[in-house]
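Visitor: Shown below is the structure under consideration.
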Amino acid sequence: MINVALYGFPLSTYVRTARIALAEKGVTYELFPFEPNTPDMQAVNPTGKVPAFKHGDFTLYETLAITNYIDDAFDGPALQPSDAKQRAVMNQWISYINAYVFPVMVHEIVLFRFEILPMDQSVIDAAIPKANEQLALLEKTLNNSDYLAGDSACLADYFLYPILAYMGMVPEASLLADYPSVSAWKARMEEKSSVTGSAPAL
Ligand SMILES: N[C@@H](CCC(=O)N[C@@H](CS)C(=O)NCC(=O)O)C(=O)O
């Protein structure tokens, strides 16, 4: 019997992060593709945001809490480095991605290009220098290591990938060409079955 459930529509970058984590751990789960801010979603997450997660009777929301729980509660490869410094670097990147990269690249670029928000070119124009600054910082790190916190992929990479996957689909994808290490990282991530298997139908 499947007693693991993930709630949230698969287009969400955060839902995809959780799906990558579940796939990496080899956890079988049921996906309920609820839209945000619906009664169904609010029943499992009082914020109405996606995703939420259930393991038996245990319900959880906020993607980082969900992915950490998945790592701790299930067998399978570790999703976080065991080395204290690498783990701190992973957490630094997750914080940075959630606080800065997601708001700029998703809310100020992708949502307009995907016509989820009515087009406002001035917001996109203002976001481009910020996105460039973020890509430059990622480039500097990925010049020195294959993944964000060392030689193996970890949760930080799973938070970033869905965002950059969308950036690769909009006209601002041209920005990525200036960052070869970021582009090479993105291609490496796309070799993972957890990443290809969680791609939303667009
Ligand atoms: N802090 C939340 C953020 C989740 C989030 O922003 N999800 C987006 C979809 S990617 C959402 O539900 N947006 C709808 C809204 O903000 O009303 C988490 O880490 O799970």
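The values are calculated or read from the model by the stated rules, or taken from the named source; none is laboratory data. Quick caveat: nothing in here was measured; it's all calculated off a predicted structure. Here Cβ is always computed from backbone atoms with ideal geometry, including for glycine, and neighbour counts include all displayed protein chains.
Visitor: If we keep just the residues of the range 4-25 that are of a type outside the set (A, V, I, L, M, F, W, C) and more than 10 Å from the ligand (Cβ to nearest atom), which is nearest to Gly168 (Cα to Cα)?
Guide: First, pick out the residues of the range 4-25 that are of a type outside the set (A, V, I, L, M, F, W, C): 7-8, 10, 12-14, 16-17, 19, 24-25.
In the following step, the residues that additionally are more than 10 Å from the ligand (Cβ to nearest atom) were identified as 7, 10, 19, 24-25.
On the way: Tyr7: 26, Pro10: 17, Arg19: 20, Glu24: 23, Lys25: 26 Å.
Step by step, filter the range 4-25, then rank; the result is Pro10.
Visitor: Select from the range 40-71 the residues that are among the aliphatic types (A, V, I, L, M) and assigned to a strand (DSSP E or B) and write down the one among them that is farthest from the ligand (Cβ to nearest atom).
Guide: Here is the first cut: in the range 40-71, the residues among the aliphatic types (A, V, I, L, M) are 41, 43-44, 50, 52, 60, 64-66, 70.
Narrowing further to those that are assigned to a strand (DSSP E or B): 52, 60.
Details: Ala52: 8, Leu60: 10 Å.
Restricting to residues being among the aliphatic types (A, V, I, L, M) and assigned to a strand (DSSP E or B), the top hit is Leu60.
Visitor: Sort through Asn98, Asn91 and tell me the only one that's within 14 Å of the chain's Cα centre (by Cα) and away from the ligand (no atom under 13 Å from the Cβ). Don't jump to the end; show me each part of the working.
Guide: Working: Asn98 fails: away from the ligand (no atom under 13 Å from the Cβ).
Matching residue, one of Asn98, Asn91: Asn91.
Visitor: Go through (1) more than 8 Å from the ligand (Cβ to nearest atom); (2) out of contact with any strand residue (DSSP E or B) (no Cβ under 8 Å at 6 or more places or on another chain); (3) part of a loop (DSSP other than H, G, I, E, B) for Thr28 and report which single condition fails.
Guide: Checking Thr28 against (1) more than 8 Å from the ligand (Cβ to nearest atom); (2) out of contact with any strand residue (DSSP E or B) (no Cβ under 8 Å at 6 or more places or on another chain); (3) part of a loop (DSSP other than H, G, I, E, B), the one that fails is (2).
Visitor: Read through the list (1) within 14 Å of the ligand (Cβ to nearest atom); (2) in a helix (DSSP H, G or I); (3) not hydroxyl-bearing (Ser, Thr, Tyr), then give the number of the only condition that Asn37 fails.
Guide: (2)
Visitor: Could you identify the single residue in Glu35, Glu62 that is closer than 28 Å to Ile116 by Cα and either loosely packed, with under 14 Cβ neighbours inside 10 Å or not assigned by TED's automatic domain parsing to the domain that holds Ile20 (or both)?
Guide: Working: Glu62 fails: either loosely packed, with under 14 Cβ neighbours inside 10 Å or not assigned by TED's automatic domain parsing to the domain that holds Ile20 (or both).
The match here is Glu35.
Visitor: Inside the range 88-146, can you point out the residues that are touching a residue at least 40 places away in the same chain (Cβ under 8 Å) and part of a loop (DSSP other than H, G, I, E, B)?
Guide: Phe114, Asp146
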